[in-house]
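Here is the structure we will look at, set down as structure tokens.
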Amino acid sequence: MGVDLQMRIGILTGGGDCPGLNPAIRGAVFRAIDYGDQCVGIVGGWQGLLSCETEPLDLAGVDEIIDRGGTILGTSRTNPFKDPALVQQTIANVAAMGLDALIAIGGDDTLGVAAKLAALGVKVVGVPKTMDNDLSGTDFTFGFDSAVSVALDASRRLKDTAQSHRRILILEVMGRHAGWVALYTGIGSGADYTLIPEVPIDWDTMVRQVMTAYKRKKYAFVVVSEGVEVTRATSEELDDFGHMLLQDRGVGPEVARILEEKTGISTRSATIGHIQRGGSPTLFDRILGSRVGVKAIEMIHSGEFGKMAALRGTEVIAIPLTEAVGTLKTVPQEWVDLLRVFSK
Ligand code: F6P
């Protein structure tokens, strides 16, 4: 069914920010102009729909944001489905704001809300983003390439100092409960060992391989995902979507402490944290963000609501939001096998 009327389209970004959000917003606004649509920025994710906080989104406002990190619309981790009254308020506000359709740009949480709203009749399409690359249904999300590029730069710096001091250096990266960021950082930086949440820590193997590398090079470099389970790593704090906050668990320092104890070699750790989420998007993320932003507008005009613009191979296609949310895309065994090839 085609929907070719000029529309008023709300755009929001939810969840953790990442490079690529601004190119996606820009892509949507540029394509909307072709259809004669009017875009409205909803400020601060789903929170902005509850408070009706908006800002105009026009060509002048987005023209120069292709290379800017973060999101010009702001973001939050607000979950309207925490309370049925908030769901009703969200739906009522879509009508009150005169929105014909909504573009929700986000990860599993934001798009999970979008999927539920679509099931309740809201005309919403999704655009996938997350630096964690853990969203199902799409080969990659923008934000990931930029985050790993920053981690690679940090790795190079840490290897320099590790080499100079003949130390073991640990880099803790983000990524939540999926190991993609650590995996790509580990392989891309030439790390001697990489810990990801999908594989329980085998201390004996790790110590053996780190020592082998150390004997050969007089230093060793290890990448650790924030989501791995180490004995003393604890945090009970949860966000609006029920996710444990991982950044204060101290996984990197704890792995460093244990490795130093087991190897007798001076070991230091560095946690890259939110530095990974900022900065100018890489070329890959600029292009992917632009493509999925454009696709979202086209999906609205072809009436493909309740769907998400997904990257499959080299194509951007519309897939049901329900295929993307609910089950995280974790690192499969074939990638774990590949990682092992580079631990020598
Ligand atoms: O989901 C993206 C992410 O950066 C995770 O890798 C990390 O665990 C989390 O967000 C941090 O969340 P916040 O910015 O709310 O501290």
Check your understanding: Within the chain, what percent of beta bridges assigned by DSSP are antiparallel, to the nearest 5?
Key -> 25 percent
Point to revise | Count of Lys pairs (Cα-Cα under 12 Å; at least 8 positions apart or interchain) in the chain | key: 7
Exercise for review: Could you tally the net charge around Val127, taking each other residue with its Cβ under 11 Å from the Cβ of Val127, Lys/Arg +1 and Asp/Glu -1?
Suggested key: +4
Check your understanding: Going by how many other Cβ atoms sit within 10 Å of their own, how do Cys39, Cys52, Cys18 line up, fewest first?
Key -> Cys52, Cys39, Cys18
Revision key, fill the gap. Mean separation of Cα contacts under 8 Å (at least 6 apart) over the residue count of the chain, i.e. the relative contact order in percent, is 25 percent
Study note, to complete from the structure: With the 8 Å Cα cutoff and a minimum separation of six or more residues, segment 185-295 has a relative contact order in percent of 19 percent
Review point. Under a GNM of the chain (C-alpha, springs under 10 Å), which listed residue has the highest mean-square fluctuation: Leu238, Leu117, Leu158?
Key: Leu238
Point to revise | Distance between segment 245-288 and segment 17-68 - C-alpha centres, whole angstrom | key: 31 Å
Revision key, fill the gap. Nearest 10, in degrees from 0 to 90: the angle of helix 21-35 to the longest Cα principal axis of the chain is 20 degrees
Study note, to complete from the structure: So, with points 7 Å from each Cα along the Cβ direction, the Val336-Phe284 label distance in nm works out to 2.3 nm
Review point. Based only on Cα atoms, what Rg/Rh ratio does the chain have, Rh being taken as Kirkwood's radius?
Key: 1.03
Review point. Helix 251-263 versus the longest principal axis of the chain: what angle, 0 to 90°, nearest 10, using Cα atoms?
Key: 10 degrees
Point to revise | Residues His165, His177 arranged by fewest to most Cβ contacts within 10 Å | key: His165, His177
Point to revise | Gaussian network model of the chain, springs between alpha carbon atoms under 10 Å - residue of Ala60, Ala309, Ala118 with greatest fluctuation | key: Ala60
Point to revise | Computed lengthening from Arg166 to Glu229, 0.36 nm per intervening residue step minus Cα-Cα distance | key: 20.0 nm
Review point. Could you give the angle, 0 to 90 degrees to the nearest 10, between helix 283-301's Cα long axis and the longest principal axis of the Cα atoms of the chain?
Key: 30 degrees
Check your understanding: Which percent, nearest 5, of DSSP beta bridges in segment 1-106 are antiparallel?
Key -> 30 percent
Revision key, fill the gap. From fewest to most C-beta neighbours within 10 Å, the residues Met174, Met7 line up as Met7, Met174
**Study point:** segment 147-277: antiparallel DSSP beta bridges as a percent of all, rounded to 5
**Key:** 5 percent
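Where a number appears in this text, it was derived from the coordinates with a stated rule and is not lab data. Everything numeric in this text was worked out from a predicted model, so none of it was measured. Virtual Cβ from ideal backbone geometry, glycine too; neighbours counted across all protein chains shown.
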